[in-house]
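K.L.:
Supplied in structure tokens, the structure appears directly below.
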Amino acid sequence: MCGRFFVVGESENDLLVRMINEADRRRQALTGESGVAVGEVFPASVVAALAQGKSGAVGAFPMHWGFHRPGGQGLIINTRSETALEKPLFRASMLERRCLVPCSWYFEWETKNAQQSLLDDLPALQIGGEGAKEKRKNPIKIKYAIRPKAPGIVYLAAIYRYEPDSRLPVLSILTREPGEEIRFIHDRMPVIFTEETHAAWLDKGADPAALLKTCETSMAYRAA
């Protein structure tokens, strides 16, 4: 899945900064409000997303992260890429409204059994009492920063739509099965393209099912 990602908002990547600034200018023009999310980005934030504009030119636009669920109960922040073309809620967006969320990396959490972790790492540790036993049963989560091994901006594949109660489009990030290097962390990962491969995702004439086969799966990771 993809529940958080990180955008370096400083001059480490001039192209990424220009995208953020362009999306910010558009948000101000459309809504009178300023700002798109940088740093650690959470669901429901306004993010910079690349998409084809009405003229056909690609630009950076402000979008809210998360489709509203039917009935208004919660957000759909991720969509399974394997079934998106089959679902009425996502099909039109997959065919006609594809976008990319540029970022620096994304975050994921590995869930481990705390008791097993203690036994593995501290075999000589003696903990007594019922309270200690209960504490050791609670799972622990290890946070990782993940990105492709290829350098440059990370492009998270997404789809967007327009909703009646939102002045900005809303998007959902596509997910897929993880690459081998990060399978131990989580059983899903975002669909990712790199600077070399991302442009085709925005071509409305391209076959999205075929493009999904070209996404990046070779990942690098570190503790975050």
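The values are calculated or read from the model by the stated rules, or taken from the named source; none is laboratory data. Note that this is a predicted model, so its numbers are computed, not measured. Positions of Cβ are backbone-derived with ideal geometry, glycine not excepted, and every protein chain shown enters the neighbour counts.
K.L.:
Determine which member of the set GLY131, GLY152 is surrounded by fewer than 21 Cβ atoms within 10 Å (Cβ to Cβ), more than 15 Å from the chain's Cα centre (by Cα), outside any strand (DSSP E or B) and at pLDDT 90 or above.
P.N.:
Criteria check complete, one pass: GLY152.
K.L.:
What's the total number of residues in region 53-98 that are surrounded by fewer than 18 Cβ atoms within 10 Å (Cβ to Cβ), assigned to a strand (DSSP E or B) and within 17 Å of the chain's Cα centre (by Cα)?
P.N.:
Selection size over region 53-98: 4.
K.L.:
Filter region 200-224 down to residues that are free of Cβ contacts under 8 Å to residues at least 60 places away in the same chain, in a helix (DSSP H, G or I) and within 18 Å of the chain's Cα centre (by Cα), then give me how many there are.
P.N.:
The qualifying residues number 1.
K.L.:
Given the criteria more than 14 Å from the chain's Cα centre (by Cα) and part of a loop (DSSP other than H, G, I, E, B), does GLU181 qualify?
P.N.:
No.
K.L.:
Can you tell me which of (1) surrounded by fewer than 16 Cβ atoms within 10 Å (Cβ to Cβ); (2) under 15 Å from the mean Cα position of the chain (by Cα) is the one ILE140 doesn't meet?
P.N.:
Only one criterion is unmet by ILE140, namely (2).
K.L.:
Within region 168-187, work out how many residues are buried (at least 17 other Cβ atoms within 10 Å of the Cβ), closer than 22 Å to GLU108 by Cα and not polar (S, T, N, Q).
P.N.:
Within region 168-187, residues that are buried (at least 17 other Cβ atoms within 10 Å of the Cβ), closer than 22 Å to GLU108 by Cα and not polar (S, T, N, Q) number 9.
K.L.:
Can you tell me which of ARG26, ARG4 is more than 22 Å from PRO208 (Cβ to Cβ) and more than 20 Å from the chain's Cα centre (by Cα)?
P.N.:
Just a single option satisfies the conditions, and that option is ARG26.
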